[in-house]
Amino acid sequence: MTRFFNYVLIDNLSEIKIDTQNETMTIVNCLNPHSFVVALKDERMRNALEMSDYLLPDGVGIGMVVRWYEKKRIDKIAGYDFHSFILEQLKLHGGKVYYMGSSEKVLKKIEERLSKEAPNVKVRTHSPSYCNELPEEESRKIIDDINEFSPDVLYISMTAPKQEKWLQRYRNELKGVKLASSIGAAFEYYAGTKTRGPRWMIKMKMEWLARLFMEPTKVWRRTFISTPKFLLWTAKHHKKIEVV
C-alpha cells in the first residue's frame, strides 16, 4: 500500500475480501485527481476519504504522481474493476448486495443482469432523489431498508462528493453490512447504459480521453481544471507520499 498524503491507497485488489465473520464494516472508496482537489476545500469529503479503510487509485494522475516521486508503479483500479472483483466473490459464495443510487432504469437493468449471471446472489436496489444532499427523512428510510435487508455488500452511486459524504455520515447506523463502497459510474457500466471506452484505450491509460469524448460536459472540468490543480499541489507537497 501507499500512504498518499493523508490517504491510504491499495494497489492490489486481492487484499480486499468480504469477511462475513467481521462485525465491523470495511469501507472502500475511490481517489482520483478531481476528488482529491474537492477534498482540499471540502472538509467533509476529506474526512470521508481519510476514514476509508482503502482507497482505489481510480485515475492515472494518482499513479503518475506516485511513480514520479516514489519510483513505484501503481496501476489504476477503477470502481468498475473493484465492483467486478467483489461480484466474483459473491458469485462463488452467494450473498446479498444492495445498490443505492442512479436511476430506476439503470437499477432494473442491474437486477436483470445479476439474476442471469449470479442467481445465488440476492439483490435489492433503491434510486434516491436527485439533489445536492439527501433530506434527513429520506436518508432514514434508506437506512432502515438497508438494515432490514442486511446486505453483505452496499454499493453507492450518487456522484462525488455526495456519495462519499453520505456514507461517512451514516456509516455507524448501517447494520450487518460487511463491505460498503462508493463506485460512481460503475452502476451504469454494469447496467450497460454507458460504456468505458475501447479496451486498448484502457490498457494505454487513456480512458480519461474516451470519457472526455463521450461525456464532455461532465468530464471537461475534471480534465482541464482539477487535474492541473492536482499536479501543481502534489508537486509542492510530494514529500508526504510514502510507501507503507
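The values are calculated or read from the model by the stated rules, or taken from the named source; none is laboratory data. Just so it is clear, the structure is predicted and the values come from calculations on it, not from any experiment. Note: ideal-geometry Cβ built from the backbone for every residue, glycine included; neighbour counts use all protein chains shown.
Leu231 meets the conditions (1) touching a residue at least 40 places away in the same chain (Cβ under 8 Å); (2) more than 18 Å from Lys76 (Cβ to Cβ); (3) surrounded by fewer than 19 Cβ atoms within 10 Å (Cβ to Cβ); (4) more than 16 Å from the chain's Cα centre (by Cα) in every case but one. The failed one is (2).
For Asp58, the conditions (1) touching a helix residue (DSSP H, G or I) at 6+ places or on another chain (Cβ under 8 Å); (2) touching a residue at least 60 places away in the same chain (Cβ under 8 Å); (3) crowded, with 16+ Cβ neighbours inside 10 Å; (4) not polar (S, T, N, Q) all hold with the exception of (2). When Tyr7, Tyr99 are checked against the criterion of being among the aromatic types (Phe, Trp, Tyr), modelled with pLDDT of 90 or more, surrounded by 14 or more Cβ atoms within 10 Å (Cβ to Cβ) and under 26 Å from Lys194 (Cβ atoms), Tyr99 stands alone in meeting it.
Could you please find all residues in the range 122-159 being hydrophobic (A, V, I, L, M, F, W, C) and touching a residue at least 40 places away in the same chain (Cβ under 8 Å)? Those that are hydrophobic (A, V, I, L, M, F, W, C) and touching a residue at least 40 places away in the same chain (Cβ under 8 Å): Ile142, Ile146, Phe149, Val153, Leu154, Ile156, Met158.
Going residue by residue through the range 190-201, is there one that turns out to be under 30 Å from Lys17 (Cβ atoms), of a type outside the set (S, T, N, Q), under 18 Å from the mean Cα position of the chain (by Cα) and buried (at least 20 other Cβ atoms within 10 Å of the Cβ)? So far as the range 190-201 goes, yes, one or more of its residues are under 30 Å from Lys17 (Cβ atoms), of a type outside the set (S, T, N, Q), under 18 Å from the mean Cα position of the chain (by Cα) and buried (at least 20 other Cβ atoms within 10 Å of the Cβ).
Just one of Lys162, Lys218 is of a type outside the set (Phe, Trp, Tyr) and either in contact (Cβ under 8 Å) with a residue 60 or more places away in the chain or surrounded by 13 or more Cβ atoms within 10 Å (Cβ to Cβ) (or both); which is it? Residue meeting the stated conditions: Lys162. Scanning the range 16-26 turns up no residue that is aliphatic (A, V, I, L, M) and in contact with a Pro (Cβ under 9 Å, 6 or more places away or on another chain). When the residues of the range 32-41 are narrowed to those that are crowded, with 16+ Cβ neighbours inside 10 Å and in a helix (DSSP H, G or I), which ends up nearest to the chain's Cα centre (by Cα)? Among residues in the range 32-41 that are crowded, with 16+ Cβ neighbours inside 10 Å and in a helix (DSSP H, G or I), the one nearest to the chain's Cα centre (by Cα) is Ser35.
So that you can scan it fast, the table gives a plain yes or no per residue for (1) among the hydrophobic types (A, V, I, L, M, F, W, C); (2) surrounded by fewer than 21 Cβ atoms within 10 Å (Cβ to Cβ); (3) farther than 19 Å from Arg196 by Cα:
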site	(1), (2), (3)
Glu43	no, yes, yes
Met64	yes, yes, yes
Glu70	no, yes, yes
Ile77	yes, no, no
Gln89	no, yes, yes
Glu104	no, yes, yes
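When the test is whether a residue is touching a Leu at 6+ places or on another chain (Cβ under 7 Å), more than 18 Å from Thr234 (Cβ to Cβ), in a loop (DSSP other than H, G, I, E, B) and not aromatic (Phe, Trp, Tyr), Ile27 does not pass it.
Scanning the range 114-129 for residues that are in contact with a Ser or Thr (Cβ under 6 Å, 6 or more places away or on another chain), farther than 29 Å from Met201 by Cα and surrounded by 13 or more Cβ atoms within 10 Å (Cβ to Cβ) turns up at least one hit. Against the test of being under 21 Å from Glu43 (Cα atoms) and touching a strand residue (DSSP E or B) at 6+ places or on another chain (Cβ under 8 Å), the options Glu164, Glu242 yield a single qualifying residue, Glu164.
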